[in-house]
Amino acid sequence: MTEMIKTDLKREFKKAEEYFQKTGMRVLICSGTGCVANGAFDIYEKFLKLGADVQFKKENKKITSVKTGCHGFCEQGVFVSIPDLDLTYVKVKAENVEEIIEKTLKNGEIIEEFLYEDPKTKHKFKNTSEIDFYKSQIKLILNNCGKIDPESIEEYIYSRGYEALDYTLKNYKPEEVCEEMVKSGLRGRGGGGFPTGRKWQFVRANDSDKKYVICNADEGDPGAFMDCGIMEGDPHRLLEGMLIAAYAVGSDEGYIYVRAEYPLAVRRLKIAIKQAEEKGFLGENIFGSGFSFRIKIKEGAGAFVCGEETALIASIEGERGMPMPKPPFPAQSGLFGKPTLINNVETFANVPTVILTGADTYKKYGTETSAGTKTFALTGEVNNTGLIEVPLGSTLREIVFEIGGGLRNNKKFKAVQIGGPSGGCLTEEHLDMPLDYESLTKVGAMVGSGGLVAMNEDTCIVEVARFFLQFTQNESCGKCIPCREGTKQMLNILEKIVSGEAALQDLQLLEELAEVVRFGSLCGLGKTAPNPIASTLKYFREEYLAHIVGKRCPAGVCEALKVIKIDSKRCIGCSKCAKTCPVDAIEGEIRKPFLINQEKCIKCGACAPACPVDAISKR
């Protein structure tokens, strides 16, 4: 009976409601990793110290400072929001805190200087909901991020936290939960997009005295921080999703495999697990249902290959993180040889939403075959970078030009790399294509975990392919020859191309190697390693040929292929450049335009600083 009282959700919600009523006017300080790097903790401490005895005069409200997760609009951090005033300040520094307290918190005055200003219209916005970056987003998964204290279980409960778990245990049989997930159309958000409900059914169908649930939080793609944002901003949502999954498949033990490079996420997950155990939401006989489940955290050492299921399992078992051939699949024989369910952070974070809204309502978001929303880490050359959430099926144009605010300095759009090193390249012709699993597969790309890197006209596509291949080559575990040797040889060819040393036969060899690596590699890392090469060759072959045949980089990025030139219209014939050239490559007469002998030039660039009229360029 004591256990039943301890885990009564209505009672806990009442306590959470009382907790909220006591907080008064809340000052929310964004404390995701990006804002922490910009001084969020210092801002929080200063608000805590200077605002401790402050009351809002108009309503005589107590002021409470709260650390939250990521607001998403990382470009504008640190965010300070005051929900009662429908007010958000951006780019706040610690030295601004006193002014905000004196003017806004004491008297309700809005400080124009700290409001977001649209770079095009110069209009200032009082609240984030009015800003273009947020207008097209639909937040089902990130809804709590930036609004609640991720280190407070009371705040999660007050936002309908653990209600989905309570409803599931009281109203669903385990097999019915699996059926609801199938019906919802939720697909794995970690890359492959496998139907979540079917995977759960496979694990449930395997009889065993022990089953495991693992959350793959080993987010290793360059520029990706979607899972990080969820764990830092709403860790209890992840725990609740894992609990519902465990009930559905018949598991009593789970692991969160999280990168050690995410120290803030790890800390907040540990706090969340402890709080959930103290409330009785984790442990024995949860909600008096007879269902028991515990979660452990395993910190990974940063190996990208451990994002692959079998490599991740090996790492948890204490072995070196290397993939194993399939079958058997983890659903049949996974952790310690037992049936194991593995989903990533975002997949589990969707589960409470599916239960609370119902499968039919959830399917209204997204497309017929790709239901729900997807988080993306929007980075690169767009004006507005950050963490976003949009319905699957949204177009690249909407993301880049509406949410992202277009490209910086009005540069021309060139491409987007989607899905990280395992993904592919999308070009201008794909701007109006729906971003869903099937559409992206057809054009040689993939949703992946959700990285989106926007590139402008000044980006060298060959260098982009080289960068991503260097990453996958470094991260290859070395177990299978096609991946270990193939990625190395492909990288060597790409380095020859960007250095101007490649021939046409090298391009042919590159394509042949890509096919061998794709079909011969053991795991997904090797099979998808050639994707950046294949997609960029498909859409930008002429740029490869320019490097190989023309010995030039159209974007002017590759150092070895840059040409130093003197603008004859600007040159005043002073000869200062010629005097600084160490190899006498600059020729001409005084008071007449000078020329650079390209055969002699060693591209050291010493001439450019010497020019008094900035007539020398390197491109």
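The values are calculated or read from the model by the stated rules, or taken from the named source; none is laboratory data. Since the structure is predicted, the reported quantities are computational estimates derived from the model, not experimental observations. Here Cβ is always computed from backbone atoms with ideal geometry, including for glycine, and neighbour counts include all displayed protein chains.
Among the residues of segment 210-264, how many are out of contact with any strand residue (DSSP E or B) (no Cβ under 9 Å at 6 or more places or on another chain) and touching a residue at least 60 places away in the same chain (Cβ under 8 Å)? Explain how you work it out, then say what you get.
Within segment 210-264, the subset out of contact with any strand residue (DSSP E or B) (no Cβ under 9 Å at 6 or more places or on another chain) is 232, 234-237, 240, 244, 250, 263-264.
If we keep only those that are touching a residue at least 60 places away in the same chain (Cβ under 8 Å) as well, we get 232, 234-237, 240, 244, 250, 264.
Of the residues in that region, 9 qualify.
Checking the stated criteria, I355 turns out to be surrounded by 23 or more Cβ atoms within 10 Å (Cβ to Cβ), outside the structural domain of E130 (by TED's automatic domain parsing), farther than 23 Å from S129 by Cβ and at pLDDT 95 or above. G393 meets the conditions (1) in contact (Cβ under 8 Å) with a residue 60 or more places away in the chain; (2) more than 26 Å from C35 (Cβ to Cβ) in every case but one. The failed one is (1). Touching an Asp or Glu at 6+ places or on another chain (Cβ under 7 Å), farther than 23 Å from T375 by Cβ and touching a residue at least 12 places away in the same chain (Cβ under 8 Å) - does that describe any residue in segment 70-87? Among the residues of segment 70-87, not one is touching an Asp or Glu at 6+ places or on another chain (Cβ under 7 Å), farther than 23 Å from T375 by Cβ and touching a residue at least 12 places away in the same chain (Cβ under 8 Å), which makes the answer no. When G191 is tested against the conditions (1) surrounded by 24 or more Cβ atoms within 10 Å (Cβ to Cβ); (2) part of a loop (DSSP other than H, G, I, E, B); (3) in contact with a Gly (Cβ under 7 Å, 6 or more places away or on another chain); (4) not hydroxyl-bearing (S, T, Y), the lone failure is (1). Does at least one position in segment 386-397 carry a residue that is part of a loop (DSSP other than H, G, I, E, B) and over 30 Å from K173 (Cβ atoms)? Yes, segment 386-397 has at least one match.
With respect to the conditions (1) over 24 Å from the mean Cα position of the chain (by Cα); (2) assigned to a loop (DSSP other than H, G, I, E, B); (3) surrounded by fewer than 17 Cβ atoms within 10 Å (Cβ to Cβ); (4) in contact (Cβ under 8 Å) with a residue 40 or more places away in the chain, Q332 lacks only one, and its number is (3). Considering segment 42-81, the residues that are under 19 Å from N143 (Cβ atoms) and either of a type in the set (A, V, I, L, M, F, W, C) or in a strand (DSSP E or B) (or both) include one that is modelled with the lowest pLDDT, namely C74.
Looking only at residues of segment 72-113 that are of a type in the set (S, T, Y) and under 16 Å from K61 (Cβ atoms), we find that the one that is surrounded by the most Cβ atoms within 10 Å (Cβ to Cβ) is S81. For segment 422-431, the count of residues that are charged (D, E, K, R), more than 17 Å from S370 (Cβ to Cβ) and either crowded, with 21+ Cβ neighbours inside 10 Å or more than 23 Å from the chain's Cα centre (by Cα) (or both) is at least one. You will find that of I590, I586, the residue that is surrounded by 15 or more Cβ atoms within 10 Å (Cβ to Cβ) and either without any contact (Cβ under 8 Å) to a residue 60 or more places away in the chain or within 48 Å of the chain's Cα centre (by Cα) (or both) is I586 and no other. Considering every residue within segment 494-510, establish whether at least one is outside any loop (DSSP other than H, G, I, E, B), within 21 Å of the chain's Cα centre (by Cα) and crowded, with 23+ Cβ neighbours inside 10 Å. There is no residue in segment 494-510 that is outside any loop (DSSP other than H, G, I, E, B), within 21 Å of the chain's Cα centre (by Cα) and crowded, with 23+ Cβ neighbours inside 10 Å. Within segment 520-547, residues that are farther than 12 Å from L510 by Cβ sit with their Cβ atoms under 8 Å from residues that are among the basic types (K, R) and outside any helix (DSSP H, G or I), at 6+ positions apart or across chains, in these pairs: L522/K479; A546/R552.
From the list I214, I244, I271, I256, pick out the single residue that is at pLDDT 95 or above and surrounded by fewer than 19 Cβ atoms within 10 Å (Cβ to Cβ). None of the other options fit; the residue is I271.
When E109, E176, E117 are screened for being more than 28 Å from K67 (Cα to Cα) and free of Cβ contacts under 8 Å to residues at least 12 places away in the same chain, only E176 passes.
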